[in-house]
Amino acid sequence: MTTDSKRTHVERLAALREAFGRRKELARNSGKKHDVSIAKICAEAKVDKIYVYGHRLADDDPIRKKYLALRDEILAFQEKLAVGQEITEDRRRLKVLQDKYDALLSGVEPLQRDLAYFKAQSSNDSGQLDHKRDQITELLARIYDLESQLAATPITGKGGVLAARLQKHVVSPDAYRMIGGKYRMSSRKQEEEAWGKAYKTLEELLSRNLKMRLYILVGLPCSGKTTWAEEGEVATDRHPVIWDATNLTSMDRYRLVVSLSRYQDLPKTCVYFDTDMEVIRERNCTQRSPDKRMSDDELSLMRDKLEKPDPYEEIWINELMIVRQNHV
């Protein structure tokens with residue numbers, strides 16, 4: 001291969017422009033300026049970036065002006081990219097489809113609230129049950145129609161692949177442990193009720209006529225499960241449903257999976273939170289409210305019970321993700 005010291009300036013400029021062209025397409029797809037940085041263009045072209053900044057050449061040298069002109073083109077492209085003027089056709093289509101999706105989603109959410117209200121009213125007022133059943137049936141039909149449209153709305157995801165921009169659903173027993181405005185983990189009866197309600201919600205979500213992926217979280221309290229459930233990235237090929245509970249043992253996880261075996265075509269991703277014990281203790285003391293705080297002994301017992309997921313032993317696992325968080 002010809003070394004840079006042996007190449008002519010014409011050859012260097014040609015290599016830089018070729019690299020710039022390739023990098024522009026990468027940046028248009030990613031939307032990130034650093035994909036078309038001068039450093040990356042020079043590294044790909046195997047040209048010392050000192051030339052692009054006009055060094056080593058006399059100020060009046062015509063070749064120097066060509067290097068500087070290329071530098072200015074790169075910087076101008078970066079500016080256009082930053083304000084959204086340099087995008088691929090896929091990204092233009094993405095914007096149109098996202099707007100369509102947002103419009104559909106804005107129609108679903110109020111209907112879901114109305115549905116929950118009518119269900120609650122029906123259970124409290126048997127005299128109006130038949131009338132409300134008609135309203136509930138109509139709402140369910142409208143929700144189904146909108147959700148079907150959402151599922152069929154393709155959105156360009158990472159790498160330019162068309163995928164659906166999907167609404168994440170998180171189900172956790174914690175949501176049903178609030179009693180009288182306070183978090184309760186006391187009686188066995190209350191625990192059974194919280195888990196029963198959470199499981200019922202999970203079944204309702206999985207009963208939808210949509211392609212879904214189930215995420216089963218595994219980890220100690222304060223290991224980062226709930227934060228990940230709210231903020232973590234999920235696959236965009238299916239509607240994500242997240243089961244946010246400790247799921248400490250392989251038997252706990254097996255029972256859950258077996259109980260859901262009637263739901264066909266449901267890929268399952270196990271997300272394991274490998275968080276340092278000292279971080280967990282610190283979060284427990286500083287980030288949890290007093291009614292949710294656990295003792296060190298309780299945390300130690302749960303740690304001893306925890307079994308790391310093994311996809312070779314737990315054959316239901318279609319994908320294993322490991323999240324490591326070693327900071328508070």
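The values are calculated or read from the model by the stated rules, or taken from the named source; none is laboratory data. From a predicted model like this one, the values you see are computed outputs, not experimental measurements. Backbone-built Cβ (ideal geometry, glycine too); neighbour counts: all protein chains shown.
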I'm trying to understand the selection: among the residues of the range 233-252, which are without any contact (Cβ under 8 Å) to a residue 24 or more places away in the chain and of a type in the set (A, V, I, L, M)? 251
Is there any pair linking a residue in the range 204-232 that is among the polar types (S, T, N, Q) to one that is in a loop (DSSP other than H, G, I, E, B) and modelled with pLDDT of 90 or more, with Cβ under 9 Å and at least six apart or on different chains, and which? 207/263; 223/246; 223/274; 223/275; 226/172; 226/244
Is it the case that the range 36-52 has a residue that's in contact (Cβ under 8 Å) with a residue 40 or more places away in the chain and assigned to a helix (DSSP H, G or I)? yes
Would it be correct to say that residue 189 is assigned to a helix (DSSP H, G or I), among the basic types (Lys, Arg) and within 19 Å of residue 175 (Cβ to Cβ)? yes
Residue 319 passes all but one of the listed conditions (1) closer than 26 Å to residue 194 by Cα; (2) in contact with a Ser or Thr (Cβ under 6 Å, 6 or more places away or on another chain); (3) acidic (Asp, Glu); the exception is number (1)
Quick check on my filter: what residues within the range 33-63 are touching a Leu at 6+ places or on another chain (Cβ under 8 Å) and under 16 Å from residue 7 (Cβ atoms)? 41, 42, 45, 47, 51, 52, 63
